[in-house]
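S.K.: Okay, here's the structure, questions in a sec.
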Amino acid sequence: MRRLFTILVAITAIIAGAAVLQLKLAVQERADKVKAIAAQIHEDREAIRVLEAEWAYLTNPRALQDKSVRFLALMPPKAEQILEDPTTIPFRPRGVEAEEDPGVLLPARGEKKDDKAKPKAKKGTSL
Amino acid sequence: MRSASSYAGLSLEGQQKSALEVARNRLMVAVLLFFAAFAVMMVRTVELGLSTPEEVQVASRQIEVPAVQFSRADIRDRNGEVLATNLEGASLYANPQEIKDAHEAAVKLVSVLPDLSLAEVESKLASGRHFVWLKRKLSPREKWQVNALGIPAFYFQREEERVYPHGRLAAHTLGFVDVDGNGLGGVERYFNDRLADKSMIDQPIKLSLDTRVQYALTDELEAAMSAHQAIGAAGLVMDVNTGEVIAMVSLPDFDPNSVSGAGGQERFNRVTQGVYELGSTFKTFTFAAALDQGVATLNDGYDATKPIRIARFTINDDHPKSRYLTLPEIFAFSSNIGTAQMALDLGTERQQAFLSNIGLLQPSNIELPEVGAPLYPETWRKISTMTISYGHGIAVSPLQLASGISAMVNGGRLNAATVVENPDAWRTGKQVISQSTSRKIRQLLRLAVTKGTGGRADAVGYRIGGKTGTAEKAVAGGYDTRALISSFVGVYPMDDPRYVVFALLDEPRGTKETFGFRAGGWVAAPVVKNVVLRTAPLLGVAPKREDDGLYQQLAMMIEKD
């Protein structure tokens with residue numbers, strides 16, 4: 001009885017030891033992963049700075065104007081193309097809003113200012 | 001180890017028994033203690049294994065992401081667009097000792113960095129030294145290309161570089177930095193300590209500029225400058241209610257990314273540093289002072305039949321009508337004779353006090369180191385009062401003028417001009433004229449466009465009001481009649497003013513399109529019109545049909561002939 005008990009304790013101790021070691025290794029592995037992710041975040045943040053600057057460079061108004069003139073037939077909007085209040089468009093169904101298209105990404109910061117200035121899109125069809 | 005029964009047998013006998021008993025009891029206590037400790041540990045282990053980890057524990061475990069190291073904060077525009085940022089650059093150096101074939105390495109390097117000279121690189125690589133600089137400040141792409149060459153003797157030294165992605169755009173406001181990253185002009189210099197402050201490095205400075213408006217103004221001024229072969233141009237868009245500068249252009253300009261080639265002429269900020277006699281735009285202030293202090297009402301008029309001769313000067317009209325003119329007519333037709341007489345009625349002291357009150361006699365407080373002090377006569381004589389009333393004999397910066405005009409139209413509140421985003425600035429304004437005077441000035445400005453000299457600024461739908469200004473350039477000993485400063489200051493929309501737009505051309509020449517004219521109404525007004533047409537949709541000003549009733553009463557007083 002006593003011997004059995006001793007053996008049981010010894011086995012428990014060995015198992016417990018092994019489990020703790022296992023746990024330690026697992027924790028270490030996780031810690032390494034966290035460190036690697038932190039390093040990745042750091043690298044990404046640096047890359048974001050470079051990309052932001054590059055984005056600003058590539059989308060500067062002069063470059064956009066050049067491209068617009070070269071590839072698009074867009075003209076500056078005339079006063080009569082701009083509506084302050086879309087409800088003044090005749091025969092426009094009221095209360096029916098166009099569904100948001102998740103495929104279209106709009107920068108949040110620009111939205112507020114632009115919505116007032118949106119040219120009347122359906123000029124031809126509504127009249 | 002003995003069996004337990006032998007202990008039990010011994011325990012029945014004498015003193016020995018009691019000694020063993022004590023020892024055994026003590027042992028049992030120790031054993032029990034150990035068991036208790038192990039039991040606690042087991043229970044705790046099971047508990048830890050079963051329990052879900054507490055939130056607090058996770059949060060308290062700090063995961064440290066090394067911060068991105070850079071030594072100067074960004075500058076952004078009001079929409080968050082990057083105007084100036086620090087990027088990690090790399091400088092290329094080589095250890096020629098490690099190079100076997102200097103010629104081949106040089107040819108390869110020059111193929112990716114074409115601005116290096118082959119002979120020079122080759123001599124450097126063949127020099128046998130341990131260290132030679134090859135090129136400072138490579139772009140990330142160039143660095144990648146050099147790495148792709150796969151030559152082990154090339155090394156990079158990490159360096160930081162201030163980059164202005166928009167190039168020349170808004171260069172005068174931004175300023176520039178030296179090689180060590182110290183601000184040497186514009187906002188870079190004014191906020192140098194703040195930008196380099198380690199504790200605020202990740203908070204960019206947000207300027208009041210709007211890149212899109214800035215570009216529209218630059219583009220239009222450049223076009224006008226080349227069309228009229230002017231030697232310079234300046235322009236400004238300002239929010240009338242807050243004093244925020246939305247766009248500020250001075251031409252010719254420079255590229256802050258490479259300042260070395262730019263001379264004083266390019267670096268000179270004509271909007272804040274340059275002071276000019278701006279001519280008739282000043283009549284707005286004379287009218288505001290006279291109307292506000294009850295010297296004249298809109299129903300009054302002055303005789304403008306013949307030029308005024310005073311001392312050795314003659315005051316003439318550029319658009320002479322040679323008749324009695326009502327006040328609205330004097331403003332719309334820009335009559336110097338009428339305005340000068342009104343200034344005499346106002347008096348020197350009151351004129352001086354008024355101009356000082358709207359900040360035209362002190363340098364502007366804008367957050368830029370390049371600020372010009374206004375020029376005006378030390379002793380303000382009668383002739384000064386008369387000429388200053390129509391903008392001659394006093395030189396102010398376009399920025400001061402725009403601030404003053406803002407106060408005239410926004411209901412009479414003067415706000416300090418600022419280049420830093422500050423939408424609450426209207427709270428700190430100072431009332432300089434009454435609301436009703438401001439309303440009259442709005443009507444006068446609008447009529448100067450619809451009926452007077454500013455007709456070429458009338459952008460359909462945007463209700464622009466404004467005043468032309470044409471002045472001869474002061475040269476040593478008098479005025480140069482061939483060199484003009486032509487300007488136009490516009491405000492829109494006139495029924496609820498939001499923005500002041502100012503355009504100035506330095507020494508413009510007449511063209512076929514302007515029939516040889518080079519006055520403000522011919523060369524500067526169209527610039528303002530185009531800028532308004534391009535930027536009003538961006539700034540959220542909607543075009544609408546004008547309420548003619550607003551101006552009817554005054555319009556009847558203007559007789560076109």
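S.K.: Are any of the residues in region B:253-274 under 17 Å from the mean Cα position of the chain (by Cα), assigned to a loop (DSSP other than H, G, I, E, B), closer than 23 Å to B:LEU217 by Cβ and of a type in the set (Asp, Glu)?
M.R.: Yes - at least one qualifying residue is present in region B:253-274.
S.K.: Scanning region B:533-552 for residues that are in contact (Cβ under 8 Å) with a residue 24 or more places away in the chain and within 17 Å of B:ALA448 (Cα to Cα), which turns out nearest to the other protein chains (Cβ to nearest Cβ)?
M.R.: B:GLU546
S.K.: Kindly provide the set of residues from region B:64-110 that are assigned to a strand (DSSP E or B) and away from chain A (no Cβ under 14 Å), ordered by number.
M.R.: So the first thing to find is which residues in region B:64-110 are assigned to a strand (DSSP E or B), and the list is B:75-76, B:82-94.
Hits for region B:64-110 are B:SER91, B:LEU92, B:TYR93, B:ALA94.
S.K.: Between B:GLU329, B:GLU370, which is within 25 Å of the chain's Cα centre (by Cα) and assigned by TED's automatic domain parsing to the domain that holds B:GLY520?
M.R.: B:GLU370
S.K.: Looking only at region B:349-362, decide whether some residue is in the same structural domain as B:ARG439 (by TED's automatic domain parsing) and more than 38 Å from the chain's Cα centre (by Cα).
M.R.: Checked against the condition, which is being in the same structural domain as B:ARG439 (by TED's automatic domain parsing) and more than 38 Å from the chain's Cα centre (by Cα), region B:349-362 yields no hits at all.
S.K.: Shifting gears a bit: Please count how many residues of region B:485-517 are buried (at least 24 other Cβ atoms within 10 Å of the Cβ) and more than 25 Å from the chain's Cα centre (by Cα).
M.R.: 1
S.K.: Listed residues B:ASP317, B:ASP292; which is surrounded by 19 or more Cβ atoms within 10 Å (Cβ to Cβ), of a type in the set (D, E, K, R) and at pLDDT below 85? Please lay out each step first, then the result.
M.R.: On the way: B:ASP292 fails: at pLDDT below 85.
It is B:ASP317.
S.K.: Sticking with this one: Do you know which residues across region B:171-221 are over 23 Å from B:GLU88 (Cα atoms), assigned to a loop (DSSP other than H, G, I, E, B) and within 14 Å of chain A (Cβ to nearest Cβ)?
M.R.: Scanning region B:171-221 gives B:LEU209, B:ASP210.
S.K.: Suppose we filter region A:68-93 for residues that are surrounded by 11 or more Cβ atoms within 10 Å (Cβ to Cβ) and either away from chain B (no Cβ under 12 Å) or under 29 Å from the mean Cα position of the chain (by Cα) (or both); how many remain?
M.R.: Qualifying residue count for the region: 3.
S.K.: Okay, moving on. Could you list, ordered by first residue, the pairs with Cβ atoms under 7 Å in which the first is in region B:349-366 and on the phi > 0 side of the Ramachandran plot and the second is among the polar types (S, T, N, Q), at least 6 apart or interchain?
M.R.: Listed by first residue and then by second, the contacts come to B:GLY359/B:GLN400; B:GLY359/B:SER403.
The values are calculated or read from the model by the stated rules, or taken from the named source; none is laboratory data. Quantities reported herein were computed from a predicted structural model and do not represent experimental measurements. Note that we place each Cβ from the backbone using ideal geometry, even for glycine, and neighbour counts take in every protein chain shown.
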